[in-house]
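Written below as structure tokens is the structure these notes are about.
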Amino acid sequence: MQIEIAEAGRMTQSGSSLLRLIQNNNMPALDLLVRESIQNSLDARKNDSRYVEVDYLTGKFNSQKLGEELEEITDSLNQRYGKKEYDYIAIRDSNTVGLTGVMDYKHIQNNAYGNLLKLVYEICKPQEAEGAGGSWGIGKTVYFRIGIGLVIYYSRIVNEEGEFESRLAASLVENELDPNAMIPVYDGMIKRGIAWWGDKTGTNSTQPVTDEGYIKKFLKIFGVEEYKDDETGTTIIIPYINTEELLRNNRTEYTNDQEQEVIPFWGTDIEQYLSIAVQRWYAPRLNNKTYQQGAYLRTRINGKGIALDSMEPVFQVVQSLYNRAQYVNEEDILTDLYLNKEVIVKDIKVKNTLEDTKIGTLAFVKVTRDLLKMNVPDNKPEPYMFFNNEIRDTEVNKPTICFTRKPAMIVSYENVGPWVSNIPPSGKDEYIIGIFVLSSFNKLKNSPTPGTIEEYIRKSEMADHTSWGDWSEGNYNPRFVFKIQNNIIKTVSSEYSSKPENHKPIVNSGLSKLFGDMLLPPEGGTLPGPDPDPVNPPNPKDIKRSRFRFAVEAKGIKYLSDRMIIPMVLETSAKRKISRTGFDVLIDSESKKIDINEWENKMKMETPFTISDFRIQIDNLNGEKISTEEQFSDSDSIEVENIVFAKKISKNGTCHGLSIFAEEPQFIKAKIYVTVNLKRRDIKPSFVFEKESE
């Protein structure tokens, strides 16, 4: 196949930037691959298909034979890999339409790029169909991170003439700054690190090969079969994978009572790993013939199917809960518990923001070790290991809530943070597992852009689709995700809570903590606590004595694409003057709160946010009404009315808080607007407010 080298141009991506684009360096690469590949296949299903089949194939190929087919990098491949055999992984789908669409950009009409151009030659071209899995068009960059950046695309389609047509192309994405980069310089231009291979159509221009004979010969390098008869679909081949490295990538560490590392059975075998990853993320749709939103999923690993009865018990539980959230009551692993009314199904509702108040359905259950086959003789691992979650507590089991929308891919399994905070844990022999299923067709009310709740949530997901978050459109921010989370916590807690007889009231101290997702802090700037004791209410005089308030005003938070503006209120009283206060942002790892300097210097991690700007409004100082406003971003400190406001800056230069101090104690009422620039959205912050009173 002939080469086409990406030329330098304005606002174009480079290979190095594409390799970073997916924005997720925490999830194991094989999980990202499974999530993205199945999502692409389901989005490309035939309209009349009852199911979509996805096969994962692993094997070996001869590097020299492959190199002979790739113009201009043949020598580089031979020098680097010689004549040896190397591993590959392939993803083959069927009952899908394949890589349809035009092969030449000149033939694009009405901005319809088609599957071929979107997958092979374009970036940031998302699926446009309502309810599709993809929303950014960059998740596919995970393919380039699995091997050396070389990806081969083979597809069979029914073309516009109604005839079967095969297509074959390849692409390579590499770090153009690497001294060992293989793509040659084109015409003296700067390198971009991107190239394609196919049939030559002009100067430095190619399109996919359509010659059936050549395609058959090429596929024999990998032992991959052609599509036959009336089959259509797409096969993606990724050569030069490092199996051991992939199995170790971002692996969650588990230890036993002797502090020895425990590796689950799928952690050392790629076939087992792929099987668990498919079940982990697609349990609701895998072999689920009752799936109501289109084609269900069938999957094989090297020819071995994942049958419903061979799914791990914990993922059978997830599918059963999903079905019951859809009001499907087939006989399954939870039938006995359901008949005993131990499977709880509740509608989650919101007011005034949707045409129907029901935003989704929550189904949850408390299951035993026996049902999950964790005891002898099966000895299955803990659910947390199947979910790839950390085991946070050795004395109790924290609840796990997962959530999904129309495509039925699990977005995330949450056992810490705003989805489960304040849900009581269970004992070590039981596990609370729940799933929230979005009411995808419910329509928005009062939205500037008419649409469904499905599209609102879809737009909130990052390219890796691992979280939901609220977002604003002008002044419109219905805070759907926040309301879903709160309702889930209330619903599950009310089912499993056992309140103690003596319920002590909580009085606000000078230390206020804010936990939760960076995009959606809990309302009021504090964690919800127990209800006040109706028998022994707090003494109002006691509360007045501690009149000091330094907290986030959550309702005033503004959410922008890459940053958020957080309003904070600082109020003291004439009796409780202060000479020093401030706030700091720590990183909440659940086991402890990590200081930014420790995060950056000891753990060698980049801080996922930085404070870029402060705007300070002082309304009252020592009983005198004033109107003073100052803003600072470049300087490290500023003095306002004899009060110093100084940034807290890490050794690496990250601003992570503010110190406020004065020579004399002050009675102050002020607002501070803090602009936080976001780099990642999967790390939980902890806002800690402190004071030192007179």
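The values are calculated or read from the model by the stated rules, or taken from the named source; none is laboratory data. Everything numeric here is computed off the predicted structure, so don't read it as measured data. Please note: Cβ atoms are built from the backbone with ideal geometry, for glycine as well, and neighbour counts cover all protein chains shown.
Some points to look at:
Conditions tested, residue by residue: (1) under 30 Å from Asn26 (Cα atoms); (2) part of a loop (DSSP other than H, G, I, E, B); (3) out of contact with any Cys (no Cβ under 6 Å at 6 or more places or on another chain).
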| position | (1), (2), (3) |
| --- | --- |
| Leu321 | yes, no, yes |
| Lys341 | no, yes, yes |
| Ala363 | yes, no, yes |
| Asn389 | yes, yes, yes |
| Glu395 | yes, yes, yes |
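- The range 1-15 - residue that is at pLDDT below 95 and buried (at least 17 other Cβ atoms within 10 Å of the Cβ) and, of those, farthest from Arg405 (Cα to Cα): Ala6
- Single match in Met409, Met311, Met385 (criterion: more than 17 Å from Leu286 (Cα to Cα), surrounded by 18 or more Cβ atoms within 10 Å (Cβ to Cβ), modelled with pLDDT of 95 or more and out of contact with any Leu (no Cβ under 6 Å at 6 or more places or on another chain)): Met385
- Residues located in the range 607-639, provided they are surrounded by 15 or more Cβ atoms within 10 Å (Cβ to Cβ) and either of a type in the set (Phe, Trp, Tyr) or within 26 Å of the chain's Cα centre (by Cα) (or both): Thr607, Pro608, Phe609, Thr610, Ile611, Phe614, Phe632
- When residues of the range 279-306 are limited to those that are touching a residue at least 60 places away in the same chain (Cβ under 8 Å) and β-branched (Val, Ile, Thr), the one nearest to Glu330 (Cα to Cα): Thr299
- For the range 16-36, the set of residues classified as among the small types (Gly, Ala, Ser) and in contact with a helix residue (DSSP H, G or I) (Cβ under 8 Å, 6 or more places away or on another chain) consists of Ala29 only.
- Residue that is modelled with the highest pLDDT [pool: residues in the range 158-195 that are of a type in the set (D, E, K, R), over 27 Å from Ala8 (Cβ atoms) and out of contact with any strand residue (DSSP E or B) (no Cβ under 7 Å at 6 or more places or on another chain)]: Glu163
- Counted residues, the range 281-307 - those being of a type outside the set (Val, Ile, Thr), outside any strand (DSSP E or B) and within 18 Å of Ala325 (Cβ to Cβ): 12
- Being crowded, with 22+ Cβ neighbours inside 10 Å, more than 21 Å from Leu438 (Cβ to Cβ), outside the structural domain of Cys402 (by TED's automatic domain parsing) and touching a residue at least 60 places away in the same chain (Cβ under 8 Å) is a property that holds for Ile276.
- Extreme residue, nearest to Ser561 (Cα to Cα), among residues of the range 649-677 that are in contact with a Phe, Trp or Tyr (Cβ under 8 Å, 6 or more places away or on another chain) and surrounded by fewer than 17 Cβ atoms within 10 Å (Cβ to Cβ): Asn677
- Residue within the range 223-235 that is assigned to a strand (DSSP E or B), of a type in the set (Asp, Glu) and surrounded by 13 or more Cβ atoms within 10 Å (Cβ to Cβ) present: no
- Residue identified as free of Cβ contacts under 8 Å to residues at least 40 places away in the same chain, in contact with a Gly (Cβ under 9 Å, 6 or more places away or on another chain), assigned by TED's automatic domain parsing to the domain that holds Lys140 and surrounded by fewer than 20 Cβ atoms within 10 Å (Cβ to Cβ) among Asn78, Asn110: Asn78
- Set Ile596, Ile643, Ile587: member being out of contact with any His (no Cβ under 9 Å at 6 or more places or on another chain) and over 17 Å from Phe667 (Cβ atoms): Ile587
- Within the set Lys83, Lys106, the sole residue that is over 35 Å from the mean Cα position of the chain (by Cα), closer than 30 Å to Asp187 by Cα and either of a type outside the set (Val, Ile, Thr) or assigned to a helix (DSSP H, G or I) (or both) turns out to be Lys106.
- When Gly223, Gly198 are checked against the criterion of being in contact with a Pro (Cβ under 8 Å, 6 or more places away or on another chain) and at pLDDT 95 or above, a single residue qualifies: Gly198.
- Scanning the range 400-439 for residues that are among the aromatic types (Phe, Trp, Tyr) and over 26 Å from Lys373 (Cα atoms) yields a total of 1.
- Count - residues of the range 651-663 that are assigned to a strand (DSSP E or B) and among the β-branched types (Val, Ile, Thr): 1
- For the range 1-16, a residue qualifies if it is touching a Ser or Thr at 6+ places or on another chain (Cβ under 7 Å) and either in a loop (DSSP other than H, G, I, E, B) or not charged (D, E, K, R) (or both), and exactly one does: Gln2.
- Some residue of the range 664-685 being of a type in the set (A, V, I, L, M), in a strand (DSSP E or B) and farther than 24 Å from Lys555 by Cβ: no
- So Asp93, is it farther than 18 Å from Arg35 by Cβ, of a type outside the set (Gly, Ala, Ser) and at pLDDT 90 or above: no
- Elements of type strands (runs of 3 or more DSSP E) contained in the range 574-641, each with 2 or more residues being in contact (Cβ under 8 Å) with a residue 24 or more places away in the chain and in contact with a Cys (Cβ under 7 Å, 6 or more places away or on another chain): 609-621
- Test: Lys380 is touching a residue at least 12 places away in the same chain (Cβ under 8 Å) and assigned to a loop (DSSP other than H, G, I, E, B): yes
Each row is one residue, and each column tells you yes or no for (1) in the same structural domain as Ile410 (by TED's automatic domain parsing); (2) surrounded by fewer than 23 Cβ atoms within 10 Å (Cβ to Cβ).
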{"position": "Trp281", "(1), (2)": "no, no"}
{"position": "Lys289", "(1), (2)": "no, yes"}
{"position": "Ala295", "(1), (2)": "no, yes"}
{"position": "Gln316", "(1), (2)": "yes, yes"}
{"position": "Tyr322", "(1), (2)": "yes, no"}
{"position": "Ala325", "(1), (2)": "yes, no"}
{"position": "Glu331", "(1), (2)": "yes, yes"}
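- Exactly one residue among Thr394, Thr400, Thr404 is in contact (Cβ under 8 Å) with a residue 60 or more places away in the chain and farther than 17 Å from Ile683 by Cβ, and that residue is Thr404.
- Residue within the range 174-187 that is loosely packed, with under 15 Cβ neighbours inside 10 Å, out of contact with any His (no Cβ under 6 Å at 6 or more places or on another chain) and either at positive phi or not assigned by TED's automatic domain parsing to the domain that holds Asn78 (or both) present: yes
- Filter pass, Asp356 being part of a loop (DSSP other than H, G, I, E, B), out of contact with any Leu (no Cβ under 6 Å at 6 or more places or on another chain) and closer than 30 Å to Asp257 by Cα: no
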